[in-house]
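Each remark here refers to the structure printed beneath this line.
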Amino acid sequence: MEVILKQDVPGLGFTNDLITVKNGYARNFLIPQGMAIIASESAKKVREEDLKQKAFKEEKIKKEAETLAAALEGLTVKIGAKAGTSGKIFGSVNALQIADAIKEQHKLEVDRKKILINGESVKEIGTYVAKVMLHKEVTVEISFEVFAE
């Protein structure tokens, strides 16, 4: 039986995939749980339209991410932190502080959840690199400098 998945099912497929499964699995599990619908002709047409719209939206989001990546390329962000005489800072520098510094210094909006710091946390003064995951296909590395205030 052909069904269209309405959500991701581990080991089976992703949302809007057209798959073939055994009749009992579809009728007794997938359809009652709301994970799939029967792939009738009208359901297939709706699926095709959904895929077209999704592809258009994904392309738009990817272009915006590429534009932001071009703006972020080669930027250096300076972050001030209270530090001791040995160069260790009190606390650590995290993705939220990096996102705020980018917004303040370069007027660019970056979601803090998309910033990954190499080495988990920064606890000393110096220059570091963070990776910004703007889209699943668009990533950019920015350097940031931690200095003592």
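The values are calculated or read from the model by the stated rules, or taken from the named source; none is laboratory data. Everything numeric in this text was worked out from a predicted model, so none of it was measured. All Cβ positions, glycine included, derive from the backbone under ideal geometry; neighbour counts span all protein chains shown.
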Q: Would you be able to say whether some residue in segment 37-53 is in contact (Cβ under 8 Å) with a residue 40 or more places away in the chain, of a type outside the set (Val, Ile, Thr) and closer than 30 Å to Asp8 by Cα?
A: yes
**Q.** Qualifying residue in segment 44-52 (condition: of a type in the set (A, V, I, L, M), under 28 Å from Leu5 (Cα atoms) and either surrounded by 10 or more Cβ atoms within 10 Å (Cβ to Cβ) or modelled with pLDDT under 90 (or both))
**A.** yes
**Q.** Top-ranked residue of segment 95-147 - restricted to ones that are closer than 22 Å to Lys60 by Cα and part of a loop (DSSP other than H, G, I, E, B), ranked as nearest to the chain's Cα centre (by Cα)
**A.** Lys136
Q) Here are some conditions: (1) exposed (fewer than 13 other Cβ atoms within 10 Å of the Cβ); (2) touching a residue at least 12 places away in the same chain (Cβ under 8 Å); (3) out of contact with any Phe, Trp or Tyr (no Cβ under 8 Å at 6 or more places or on another chain). Glu66 meets all but one. Which one does it not meet? A) (1)
(Q) Of everything in segment 10-34, what is of a type outside the set (Gly, Ala, Ser), under 23 Å from Lys52 (Cβ atoms) and surrounded by 13 or more Cβ atoms within 10 Å (Cβ to Cβ)? Give them in sequence order. (A) Thr15, Asn16, Asp17, Leu18, Ile19
Q: Search segment 133-146 for residues being among the hydrophobic types (A, V, I, L, M, F, W, C) and modelled with pLDDT under 90, and hand back the single one that is surrounded by the fewest Cβ atoms within 10 Å (Cβ to Cβ).
A: Met133
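From Ala70, Ala101, Ala55, grab the single residue that is small (Gly, Ala, Ser) and touching a strand residue (DSSP E or B) at 6+ places or on another chain (Cβ under 6 Å).
Ala101
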(Q) Can you tell me which condition Val129 does not meet? The list is (1) outside the structural domain of Gly13 (by TED's automatic domain parsing); (2) among the hydrophobic types (A, V, I, L, M, F, W, C); (3) within 26 Å of Asp8 (Cα to Cα), and all the others hold. (A) (3)
